[in-house]
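Data block below; observations after.
What follows is calculated from the coordinates using simple rules that are stated; it is not laboratory data. All of these numbers come straight from a predicted model, not from anything done at the bench. We place every Cβ from the backbone using ideal geometry, glycine too, and count neighbours over all the protein chains shown.
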Number of protein chains: 2
Amino acid sequence: MSKKRQLKLGAFLMSSGHHVAAWRHPQARADGGLNFQHFQQIAQMAERGKFDMIFFADGVAVRQRGQGTDALSRSVVVHFEPLTLLSALSVVTEHIGLAATVSTTYNKPYHLARKFASLDYLSGGRAGWNLVTSATETEAHNFNRDQHMEHGLRYERAKEFVDVVTKLWDCWEDDAFVRDKESGVFFEPDKLHIPNHKGKHFSVRGPLNVARPPQGYPVIIQAGSSEDGQELAAQTAEVIFTAQQTLAEAQAFYSGVKARVAKFGRNPDDVKIMPGVFPVIGRTEEEAKEKYEQLQDLIHPHVGLGLLSGMIGGFDLSQYPVDGPLPELPETNGGKSRQQLLTDLARRENLTIRQLYLAIAGARGHRTILGTPVTIADQLEDWFVNGGADGFNIMPPYLPGGLDEFVELVIPELQRRGLFRTEYEGRTLRENLGLPRPVNRFTKVADSPELVSASLHKLSIID
Amino acid sequence: MSKKRQLKLGAFLMSSGHHVAAWRHPQARADGGLNFQHFQQIAQMAERGKFDMIFFADGVAVRQRGQGTDALSRSVVVHFEPLTLLSALSVVTEHIGLAATVSTTYNKPYHLARKFASLDYLSGGRAGWNLVTSATETEAHNFNRDQHMEHGLRYERAKEFVDVVTKLWDCWEDDAFVRDKESGVFFEPDKLHIPNHKGKHFSVRGPLNVARPPQGYPVIIQAGSSEDGQELAAQTAEVIFTAQQTLAEAQAFYSGVKARVAKFGRNPDDVKIMPGVFPVIGRTEEEAKEKYEQLQDLIHPHVGLGLLSGMIGGFDLSQYPVDGPLPELPETNGGKSRQQLLTDLARRENLTIRQLYLAIAGARGHRTILGTPVTIADQLEDWFVNGGADGFNIMPPYLPGGLDEFVELVIPELQRRGLFRTEYEGRTLRENLGLPRPVNRFTKVADSPELVSASLHKLSIID
């Protein structure tokens, strides 16, 4: 195909927006987290902008903000559970992908396989699963544990988890259900393959009580950046979310992941790498900067201190003048390298405590782009054409306003440059992302030679 | 209030209908289980009929039908997961309650509390949870177990489960979220109550990351008929589904449960007892009988034999002539009393194997009513006015046709008699059922004396 390669775009949505103080912004809906009309408006807006998908992060706990409830009480702590929300949004959208994070650490593969298959049917093939492991104590405390699961064990469990889930999605062949009223045959018995999985973490007989999803599998997304995380992603992910600050870093990550993917015998084009971008859009550069400052001014010192405390091992900074220097910090058990990084940053740039928390509070590790629609499009294009990204995960600072601006101002600029679609190419998320439909591992290859080239069936051993 | 007491009605829905061969019926949609348009049509039809709620049973496995895949392959084995389906249906309905079974045996309270709270927000206070325990081996095999959990332990777990779930629903006071953009206060810290539950089965710190549901708690439904099941229901249920065949049995069950409810200090009116009814509607009695026979004729012998085998301890009947007598059965380990009951029935009524499976295959233990709209209304009224029921759980034999007939023919007859609403009374499921909104156990009673009379807060000990 001679068609020009185009960007993939996800709209990464949080209740009132990504900025830590978003809910206080005049153009943000403060009660957005539990307001269906809010999400309906946003999802339809993203679909009008031809985004590939909307995406919700998730955790199974209220996110802690430093010590006590003071910083917490100034933060958005309640919101919809994403699978129920996406199911509802499937009814008011037609084209856009519907993706959510669900952890492998505190879930069971049968439940997860079922719910995502169900969402894939509700939406006609638009579901996506962001596979994560849970690494916070607050989540552990809601699930009978004192501490979160050790890193290596978490990833070992995650690997087996995705193996079980994909086996369950494969257990019915695509054409198993004949539903012949006359003969009374609902499915053809030889097209049922009972997984009967027995592994270290899971024993799951199956079959699933949902048919094979319209997409074969819902699109599998991952964001792990550790060695274990990258290995798992290279074997199983089709979309990779990542946080990268500079083009050089993004290029290194991009080429590294694509090489890893090839190492597992997969086609590197079948994995889309999409760094996060936190865009602040103005009619002029100056206006964009002012808008950013306006957001930063909304960060209550207790929230900023809570965030910063959390990043330096829980050390309480509330006794120190917020416009004074960072004090000497005691040794801590956890997050040592991050503590050192932040201390170095504060010393090198001569930052006050306030300046330090402001530096980390906005995009929370993702790339902030301030600018006009043209300069923002320039920067996205730069990474896209120079081997830094296959697309981007757009993180609107506040909602609905921040997404509206991106759709009205930046998307048309990308379309004018031929970098982004003006119509959806396919019916499913998988088709729009340009990903192959996974072959069913149980279907006899001789019957469907044209499907052999698809890659995902390689990931698991057939019992 | 002098308003005449009225029936409560649930529409208990299965993919293509309740009859075991429903999917083969000319007026049934064979692919209904995974067809959203099908469920949208049904839900809107039930809402047009002013039903209190639609309700989905559920299990976390394909339901086994005898040995092997032969009988299974003639049965509806795949369908939507109910919480995702109800979330989608919340968008296309306005008034009707949305209830689903979720088991306490293979779930975690934090997930369940979240998802139902989320559904309650999506639907504006229309969620209902049918609390069950899982008692099949096929479910156990999907969740790392060889055998299902022992009865007493299951109920012990269920009791603690509902305690944790309701604590999580109560952890935010109803007016905790002020979301004051000016001051930056999102919630008032003294209106957060961290459950910090530590019990035999669960350690769950909380808080929940969803606000207190619009209904306080989604309506809690139960169907357990064992001694343990009835004790749990008397303490925690607000709606009780039950299978009763005769008015005398129904009256005994009704008065027994209401007495149990009173024993726990609850108002017996706050628990609605709704037996299942499987209606076959004709313009004449004769036509209703013909319609029933037409359904029965659709039961493939292998499905009938599979059902029957399952009920007599797994004994394989396929070697015996289907129109001959039931053979002598060997002793089995499980389900002895049911085996004896069926053997006695076959001997007493001189039934062939076919006649025996036909006798048990239709409503599967629920009451079948064949008749005209008038005689069906007569029978419902009889139970309702004579202390047998507060309402009914209507189980359409085939869908959408069977529900359509009930809404078009029987509902108007009930309305003419003043036995059923012509408009919804309230905005929430709880309001329509006439149930009180549960008081938050953590809210200081002195602040809200008018709420003290509500009963559900008594069920749990405050830490």
Report the number of Lys pairs in segment B:132-273 whose alpha-carbons are under 30 Å apart, with separation of 8 or more residues or on distinct chains. 21
Working note, the protein assembly as shown: Cα radius of gyration (Å, one decimal) and Dmax (Å, whole number) are 29.0, 95
What list do you get for B:Val165, B:Val407 if you sort them by fewest beta carbons within 10 Å? B:Val407, B:Val165
Which ³J(HN,Hα) values, rounded to whole Hz and listed in residue order, are derived for segment A:162-167 from phi using the Karplus coefficients 6.51, -1.76 and 1.60 in 6.51 cos²θ - 1.76 cosθ + 1.60 with θ = phi - 60°, glycine and proline given as x? 5, 4, 5, 4, 5, 4
Degrees between helix A:36-48 axis and first principal axis of chain A (Cα, 0 to 90, nearest 10): 80
Rule-of-thumb check for segment A:1-62: C-alpha Rg over 2.2 N^0.38 Å? 1.37
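Taking the Kirkwood radius as the inverse of the mean 1/r across Cα pairs, report the Rg/Rh of chain B. Spell out each step's value before the answer.
Numbers: Rg = 22.8 Å, Rh = 23.4 Å.
So for chain B, dividing Rg by the Kirkwood Rh gives 0.98.
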Give the separation of the Cα centroids, segment A:184-231 to segment A:124-163, in Å. 17
Of A:Gly125, A:His38, A:His79, whose Cα points farthest to the positive end of the dipole of segment A:1-130 (charges on the beta-carbon: +1 Lys, Arg; -1 Asp, Glu; origin at the Cα centre)? A:Gly125
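Suppose every Lys and Arg Cβ carries +1 and every Asp and Glu Cβ carries -1, with no other charges. What dipole size does segment A:394-443 come out with about its Cα centre, to the nearest 20 debye?
Details: 7 positive and 7 negative charges, 93 e Å.
With Lys and Arg at +1 and Asp and Glu at -1, about 440 debye.
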If the viscosity is 1.306 mPa s and the temperature 10 °C, what translational diffusion coefficient in µm²/s does Stokes-Einstein give for segment A:292-407 when Rh comes from Kirkwood over Cα pairs? 98
Stokes-Einstein D (µm²/s) once Rh is taken as the Kirkwood radius of segment A:50-194 over alpha-carbon pairs, at 10 °C in 1.306 mPa s: 90
What aspartates and glutamates could a cross-link reach from B:Lys4, if we take a straight Cα to Cα line under 20 Å and drop same-chain neighbours fewer than 8 places away? B:Asp52, B:Asp269, B:Asp270, B:Asp378, B:Glu381, B:Asp382, B:Asp390, B:Glu413, B:Glu423, B:Glu425, B:Glu431
From the Cα centre of segment B:14-47 to that of segment A:342-394, the distance in Å is 52
Every other copy gets compared here: list the nm distances from the A:Glu94 label point (7 Å along Cα to Cβ) to its counterparts, shortest first, one decimal. 2.4
Derived scalar couplings ³J(HN,Hα) [segment B:182-195; Karplus, 6.51 cos²θ - 1.76 cosθ + 1.60; whole Hz; x for Gly, Pro]: 5, 7, x, 8, 8, 9, 7, x, 7, 9, 9, 10, 6, x
Between the helical axis of A:109-122 and the dominant principal axis of chain A, each derived from Cα atoms, what acute angle in degrees is found, rounded to the nearest 10? 80
Once you list every other residue whose beta carbon is under 14 Å from the beta carbon of B:Gly306, what net charge do they have if Lys and Arg are +1 and Asp and Glu are -1? +3
Give me, ordered by chain and number, the residues 5 or more places off A:Ile369 or on other chains with an amide H under 5 Å from its own placed amide H. A:Phe278, A:Val280
Taking the Cα atoms only, what angle lies between the long axis of helix A:285-297 and the longest principal axis of chain A, rounded to 10 degrees? 80
Could you work out the mean count of beta carbons from other protein chains within 10 Å of each residue's beta carbon in B:28-34? 4
For A:Asp31, inter-copy label distances in nm, listed shortest first [label point 7 Å out on the Cα-Cβ vector]: 4.1
Within chain B, longest stretch clear of exposed GluC sites (Glu not before Pro) (DSSP loop, no more than 15 other Cβ within 10 Å): B:183-327
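Which value, in debye to the nearest 20, gives the size of the charge dipole of chain A about its Cα centre, when Lys and Arg are +1 and Asp and Glu are -1 at the Cβ?
On the way: 51 positive and 56 negative charges, 129 e Å.
Using Cβ point charges on Lys, Arg, Asp and Glu, chain A gives about 620 debye.
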How far, in nm to one decimal, is B:Gln44 from itself in the other copies if the label point is set 7 angstrom along Cα toward Cβ? Shortest first, please. 1.7
When only C-alpha pairs under 8 Å and at least 6 residues apart count, what is the relative contact order of chain A, in percent? 23
Name the residues whose placed amide hydrogens come within less than 5 Å of the amide hydrogen of A:Val178, ignoring near sequence neighbours (fewer than 5 apart) on the same chain. A:Phe187, A:Glu188
What is the mean number of Cβ atoms from other protein chains located within 10 Å of the Cβ atom of each residue in peptide A:134-142, rounded to a whole number? 4
